[in-house]
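Since the structure comes first, as structure tokens, the remarks are kept for the end.
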Amino acid sequence: MNIIEIRDLFYQYNKSKTLFDSFNLNMSSDSIFGLIGPNGAGKTTLIKIILGLYPVPPGKVFIFNKDLYYNKNEILSQIGAFVEMPTLYPNLTLFEYLKIKQLYCNIPIKNIPKYLEIVGLDGKLKTNELSLGMKQRLAIANALLNEPKILILDEPTNGLDPHGIIDIRNLIFNLNKSFGISIFLSSHLLSEIEKIISELAIINNGQSQYNGKISDLFLNQKVELKLKTNNNQNTINIINKVFNLQPFSTDDSIISYKLVDNKILNKLIKQLVDNNIEIRDISTESNNLESVFLKFTKND
């Protein structure tokens, strides 16, 4: 079931600047969804559209199977968001800072210590004592106070060191798996986002270039196999005869193949061993999110 659905969205900044044209996007419930695209592709704008900050006509944005245009308040009450780093009042404790939202949103006060504990922060700390990573976690705690069904995060690891990135990654996993919160996040750190998302959309030039499971994205991607043996010519002959494969490169005594299905790799190695071929070096390299992203966003 889709928890967020965007249908044929058209959006202009002004008459000369069209950002989205017949744009579609689907996010499944209970997923960790990644939104990626080049700078200027409209990631933050799309998030603000989902949050109702930039109005669009009815029939375009559906959340919880309800039209955002007609059900804005009901929908947004079930969403938490961290889009930009909020202003922190330096003389407040973290508990006092979160109490501001608790009061004006009429949220149970018990939620404050609950979510401070979940994000790993001490409510007695002052906001001016926080590192950047702690500020990010405080912003996430603030977004969680209303116990949302969807948490929207825009660049949640921006500027963090490796330890901070790992902390946020583990927190996102925990919120999704242990608390059942659907996570929608954007990031330009492709190697990091690849570790945590289950679905994604790649956007470019006003269109969704890919929208679906990340596992499906790599399903038909070729694996590069590199071999170095005691007899490369015999190796080429055997692989050609048994698997009908020709190398695409034989540079520096290394034979390179493109495998559509890496399941044949074990069979290929067995054939070489059975034919007394000594494998001196072997490596495989699959496409990662970065290489796929460049392919989808390449401007000819």
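The values are calculated or read from the model by the stated rules, or taken from the named source; none is laboratory data. Computed from a predicted model, the values in this text were never measured in an experiment. As a convention, Cβ positions derive from the backbone with ideal geometry for all residues, glycine included, and neighbour counts pool all protein chains shown.
Structural remarks
- The criterion of at least 3 residues that are farther than 28 Å from GLU74 by Cα is met by the following helices (runs of 4 or more DSSP H) wholly inside segment 106-202: 132-144, 162-177, 190-196.
For (1) modelled with pLDDT of 90 or more; (2) more than 30 Å from ASP274 (Cα to Cα); (3) out of contact with any Asp or Glu (no Cβ under 8 Å at 6 or more places or on another chain), each residue gets a yes or a no:
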position	(1), (2), (3)
PHE179	yes, yes, yes
SER182	yes, yes, no
LYS195	yes, yes, yes
ALA201	yes, yes, yes
GLY212	yes, yes, no
ASN220	no, no, yes
VAL223	no, no, no
ILE238	yes, no, yes
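- Note on segment 56-105: among residues that are among the acidic types (Asp, Glu) and under 16 Å from ILE140 (Cα atoms), the one that is surrounded by the fewest Cβ atoms within 10 Å (Cβ to Cβ) is GLU84.
- When ASP67 is tested against (1) touching a helix residue (DSSP H, G or I) at 6+ places or on another chain (Cβ under 6 Å); (2) without any contact (Cβ under 8 Å) to a residue 12 or more places away in the chain, only condition (1) is not met.
- Scan segment 243-300 for residues that are among the acidic types (Asp, Glu) and under 30 Å from SER208 (Cβ atoms) and the total you get is 4.
- Among residues of segment 242-300, those that are assigned to a helix (DSSP H, G or I) and among the hydroxyl-bearing types (Ser, Thr, Tyr), counted: 3
- Residues that are farther than 11 Å from LEU225 by Cα and either touching a residue at least 60 places away in the same chain (Cβ under 8 Å) or surrounded by fewer than 15 Cβ atoms within 10 Å (Cβ to Cβ) (or both), drawn from segment 243-260: PHE243, ASN244, GLN246, THR250, ASP251, ASP252, SER253
- Residues of segment 115-137 classified as surrounded by 15 or more Cβ atoms within 10 Å (Cβ to Cβ) and under 20 Å from GLY180 (Cα atoms), total: 5
- Filter pass, ILE264 being under 34 Å from the mean Cα position of the chain (by Cα), surrounded by 13 or more Cβ atoms within 10 Å (Cβ to Cβ) and either among the aliphatic types (A, V, I, L, M) or over 17 Å from SER286 (Cβ atoms) (or both): yes
- Screening ILE100 on (1) aliphatic (A, V, I, L, M); (2) in a loop (DSSP other than H, G, I, E, B); (3) free of Cβ contacts under 8 Å to residues at least 12 places away in the same chain shows it passes everything except condition (2).
- Test for GLU147: is it at positive phi and either at pLDDT 95 or above or out of contact with any Leu (no Cβ under 7 Å at 6 or more places or on another chain) (or both): yes
- Qualifying residue in segment 29-42 (condition: touching a residue at least 12 places away in the same chain (Cβ under 8 Å), farther than 17 Å from PHE184 by Cβ and not in a loop (DSSP other than H, G, I, E, B)): no
- Long-range neighbours under 9 Å by Cβ, at least six apart or interchain, first residue assigned by TED's automatic domain parsing to the domain that holds VAL260 within segment 285-296, second at pLDDT below 80 and in a helix (DSSP H, G or I): SER286/ASN262
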